[in-house]
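The values are calculated or read from the model by the stated rules, or taken from the named source; none is laboratory data. If you're wondering where the values come from, they're calculated on a predicted model, not measured in any experiment. Ideal geometry is used to build each Cβ from the backbone, glycine not excepted, and the neighbour counts take in all protein chains shown.
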Amino acid sequence: MADFHLHITGTLGLLLGVCLAAGVFADLLHLPKVTAYLLVGLLVGPSLLDWVPGEHLETLEPLLMLAMAIVLFNLGCEFTFTKFRRVAKRCLVLSAGEILATFSLVMIGLLMFGCSPSMSLLLGCLAVATAPATTILVLKEFRSEGPVTESTGFLVAINNFACILMFEFGFLAIQQLQGNFETSMLSQVGRVLASLTGSIALGVLGGLVVSYGCGLLNAKRWLVLLVAASTFMLGLNESLHYPYMLTFFIMGVTVANTSDYKSKITDELDHLSGLLAVLFFAVHGTGLDINQFVAAGILGVVYIAFRIAGKVLGVYIAARVTKQPIEVRHWLGSCLLAQAGAAIALSAIAVQRNPELGKPVQDIILGSVVLFEIIGPLFIRKSLLVTGEVPLAQAIHHRPRSPWDQARSLIDRFRSNVDGTEVASPANNLVRVSDLVRKTSGIHQSAKFDDVVDHIENSHDSTYPVVDDCLGVVGVIRYPLLSDVMFDHSAATLVCAEDLVSATDAVLHPDEPATRAFELFQAETDDCIPVVTRAAPHELLGVVRRSDVVHALINQRRKKR
């Protein structure tokens, strides 16, 4: 036993097992599961208990890269060209403002505290990156929808692309100033552009293969095709030294715009990405080093403080200038704080190219990641709850059974099967309408037709409440009834929201049980019902969706068993 060494399969089982416990931990403390996985990884990693051999973590690295690749593939699948143009119209300015503010504040802040110009420049570039896996998987966990969620996905993609570009050209500028070029500046720029072009080309090729293959093959073979295409493309990128994150995002965008089965493809990938994501964050947590966080010192604190300020202020200023909704102004920036994969990978490249410059940069990045990966998901959760883009019932997990309750349940179930009696269902908290509300301000009855269309384009529903000056609901606009007007350009210039309203008697109050919403949906064809205050003038608080009600009632029924 003195020579006992845990096999890598044992390490894999240990990580998945502790993550299973972490899921319960997350439910008890109302934490995002991503944060719990990271914390439990930190617990079993070298910083604390040191249960996981370092060589095993290196062996698992390809699986972690595959997990990141699939997350980016899924993210790209959200962007059809139509949606990209719509989102880009309002988000490009936000992205530019956030990137500029983050880069400038971090660089200037570090220079003020005695950091060298070269180091400040590189850290300013790396500060732009936002962890895609952490951010996107928290959004998927809470099934959030709305302008903040949509903008977050867009800015995450742009941030990482911009970070890669800024790092490469920033490093070229440093080498030029230090006179370290073995070849001309022009050839170095050409090398960077060739790498990015090659990455994009591989993404397009991979996307076309997936779209064609899924259209040709039986759906039962899709998962094999997707794994084969993803792993091969990942290996090809590594062999050619291309940035694989860009490849897989473009691969997803290509599938979104060339396949009739985009939604089914992403659903198929979810079967694999769920397990890989658990492993990704557990292993990622083992790499977090508290000692590195402490060792980063004052420059690490400066980097953290100014990066947070850059993300939040950059978005706020840009959103205010472009008159974006108040939720976007105040809460989008805090959804972009998580940082890991891209920044860590690029800092490692900096060490390879210039150890003297890259090592202190890497130390600060690795130290700050400890904080950003823990607080990032917490800020995302807070932002989604405050903006109402996730129902409260989706974000708050009810306390699971205690070990004693579960043991008693087993005994009762055995006894009921022996003597044929029915087991009494345990008491359970009643889900209320207030737990399921998704916030919306509705459409004002005087809104022009173009404003109505703009609201519809930014909504995931097909029923839209219309309100008066006192925010009272005067009726709803139903998407199917808009078809005649939408294709009649002469009529579209004459009508306003009030002309499109259909009367509705179906409204809910926040203190009513979810079963009341279910009853109304049985008598309605609408996909959502307005929620209003009981007191006059019955102000609109938001809407409850049919899918959220069904999801909540199914979960409640499962807990009673």
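Things to note:
- Number of the exception - A523 against (1) modelled with pLDDT of 80 or more; (2) in contact with a helix residue (DSSP H, G or I) (Cβ under 9 Å, 6 or more places away or on another chain); (3) over 30 Å from D412 (Cβ atoms); (4) of a type in the set (G, A, S): (2)
Rundown of residues vs (1) over 25 Å from H455 (Cβ atoms); (2) in contact (Cβ under 8 Å) with a residue 12 or more places away in the chain; (3) out of contact with any helix residue (DSSP H, G or I) (no Cβ under 9 Å at 6 or more places or on another chain), yes/no style:
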{"site": "K89", "(1), (2), (3)": "no, no, yes"}
{"site": "M119", "(1), (2), (3)": "yes, yes, no"}
{"site": "C125", "(1), (2), (3)": "yes, yes, no"}
{"site": "G146", "(1), (2), (3)": "no, yes, no"}
{"site": "I164", "(1), (2), (3)": "yes, yes, no"}
{"site": "F171", "(1), (2), (3)": "yes, yes, no"}
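- When L275, L216 are checked against the criterion of being of a type in the set (A, V, I, L, M), within 22 Å of Q339 (Cα to Cα) and surrounded by fewer than 16 Cβ atoms within 10 Å (Cβ to Cβ), a single residue qualifies: L275.
- Some residue of region 373-385 being part of a loop (DSSP other than H, G, I, E, B), of a type outside the set (D, E, K, R) and at pLDDT 80 or above: no
- In the set P117, P147, P132, only one residue is within 20 Å of G310 (Cα to Cα) and modelled with pLDDT under 90; that residue is P132.
- Out of L186, L137, L165, sole residue that is modelled with pLDDT of 85 or more and among the hydrophobic types (A, V, I, L, M, F, W, C): L165
- Of L38, L28, all but one fail to be touching a residue at least 24 places away in the same chain (Cβ under 8 Å), in a helix (DSSP H, G or I) and crowded, with 21+ Cβ neighbours inside 10 Å; the exception is L38.
- Residue check, E58 without any contact (Cβ under 8 Å) to a residue 40 or more places away in the chain and assigned to a helix (DSSP H, G or I): yes
- All helices (runs of 4 or more DSSP H) inside region 105-198 with 3 or more residues being in the same structural domain as I250 (by TED's automatic domain parsing), surrounded by fewer than 17 Cβ atoms within 10 Å (Cβ to Cβ) and not polar (S, T, N, Q): 147-178
- Some residue of region 69-91 being buried (at least 24 other Cβ atoms within 10 Å of the Cβ), closer than 19 Å to A256 by Cβ and either β-branched (V, I, T) or more than 20 Å from the chain's Cα centre (by Cα) (or both): yes
- Number of positions in region 481-506 that are under 38 Å from the mean Cα position of the chain (by Cα), in a loop (DSSP other than H, G, I, E, B) and at pLDDT below 65: 1
- Residue tally, condition surrounded by 14 or more Cβ atoms within 10 Å (Cβ to Cβ) and farther than 15 Å from A67 by Cα, over region 219-236: 3
- Segments classed as helices (runs of 4 or more DSSP H), wholly inside region 275-366, with at least 1 members that are within 23 Å of V148 (Cα to Cα): 297-321, 326-331, 341-353
- You will find that of D267, D260, the residue that is over 21 Å from L165 (Cβ atoms) and not in a helix (DSSP H, G or I) is D260 and no other.
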